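See structure below.
Every number here is computed from the coordinates shown, using simple stated rules; none is lab data. This structure is a prediction, so every number in the text was calculated from the model and none was measured. Cβ placement follows ideal geometry from the backbone for every residue including glycine, while neighbour counts extend to all protein chains displayed.
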Amino acid sequence: MNQDVSEDSPACRQTGPAARRRTPCIALRRFSSPYGQSMLETALFLPILLLLIAGMVEVGMYANDYLTLLDAAREAARFGSNLDPEFTVQYPFDAREGAAAPFPDVRPTELITPSVGMTPEDLDNLCKDGDTTNFYYEVACLAFQNVPLGQLRPGQGDDVVVTVVGFVEQTIAYRWPLADHANPADWPYHFQGADDGDTNPTCTITNTENCRCWSLYGVRGSQFDNAQIQSLLRTDAPASSLMIVEVFYGHPHFIGFFTIGDFIPDPIQTRPYAIFPVPAAEPTPTPRP
């Protein structure tokens, strides 16, 4: 037989000896308390809330790194647009009087083990005090200095890549630096790509390793193939030239909750870039005889 033990039932309103039998009423009131429901809801939704917060932090850190690298590429390209890529390419990196090596090896230890490489602090000081006017070193140094010291890790594939392209009527006339542009004392790892002529015809989307460019650490090459560059040009564009600065960076996860194999790898590879005109490198028409 069911008995009404709610708070307003006659059994719960009894007084005297019958009040001793009100325990079921008290138990029911405690069981139906809203506090237990709130704790259950919190236990269910707190992990989801924490996951959302962690995702917001992770995306925020990624966006911050990306914008920092993008600004570095833009500053470097903007600065290089006022320089002459061909005229200064053979100038030394360390132009100070009495420098031990005009072209020091800038690679860190992890790339040239067992030799001792250059630290980020050493490279930063050389960029500041080396007095170089070499086009490629100046542009790469400015990009490097606009990134927090130590953030670029060449051993994990981080690099700064510079490319100069001249074009006439939407057709590439040359892609620099050429092999003969290099100073004989300079390190060959800076000069990436194939030595296949001025227009670098083997630089295709399936063979980007042939795309000619200048690399700070020698671990990356340009990802802009010739066809992609030509697709960016207007059909009525006059003879001109442009410079591309690419900053390769592997962004490590800040929290590490969201690594999913190749879908969301750790680190996430990024490549912010900037494209600016370089008037000093414009192709000049060949005079007729």
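Could you grab the relative contact order for the stretch 168-272? Cα pairs under 8 Å, six or more apart, rounded to a whole percent. The value is 23 percent. Once the Cβ-Cβ distance of ARG96 and LEU70 is raised to the sixth power relative to R0 = 41 Å, the FRET efficiency obtained is 0.80. The charge dipole of the chain, taken about its Cα centre with unit charges on the Cβ of Lys, Arg, Asp and Glu (plus for the first two, minus for the last two), comes to roughly 2060 debye. Using C-alpha pairs under 8 Å with a sequence gap of at least 6, the mean separation divided by the residue count of the stretch 232-280 gives a relative contact order of 49 percent. In this entry, the stretch 184-236 is assigned a mean projected area of 4.5 nm², taken as a quarter of its C-alpha convex hull surface.
Charged neighbours of GLY98, selected by a Cβ distance under 14 Å, balance to -3 (K, R count +1; D, E count -1). For the chain, adding -39500 (n - 2.57) for each run of n ≥ 4 DSSP H residues and dividing by the number of residues yields -10000 deg cm²/dmol at 222 nm. Say R0 is 25 Å: what FRET efficiency, to the nearest 0.05, do ASP266 and GLU121 get from their beta-carbon distance? That gives a FRET efficiency of 0.40.
Taking every alpha-carbon pair under 8 Å whose residues sit at least 6 apart, the chain reaches a relative contact order of 19 percent. Packing here is the average count of other Cβ atoms within 10 Å per residue, and on that basis the peptides 130-137, 64-71, highest first, run 130-137, 64-71.
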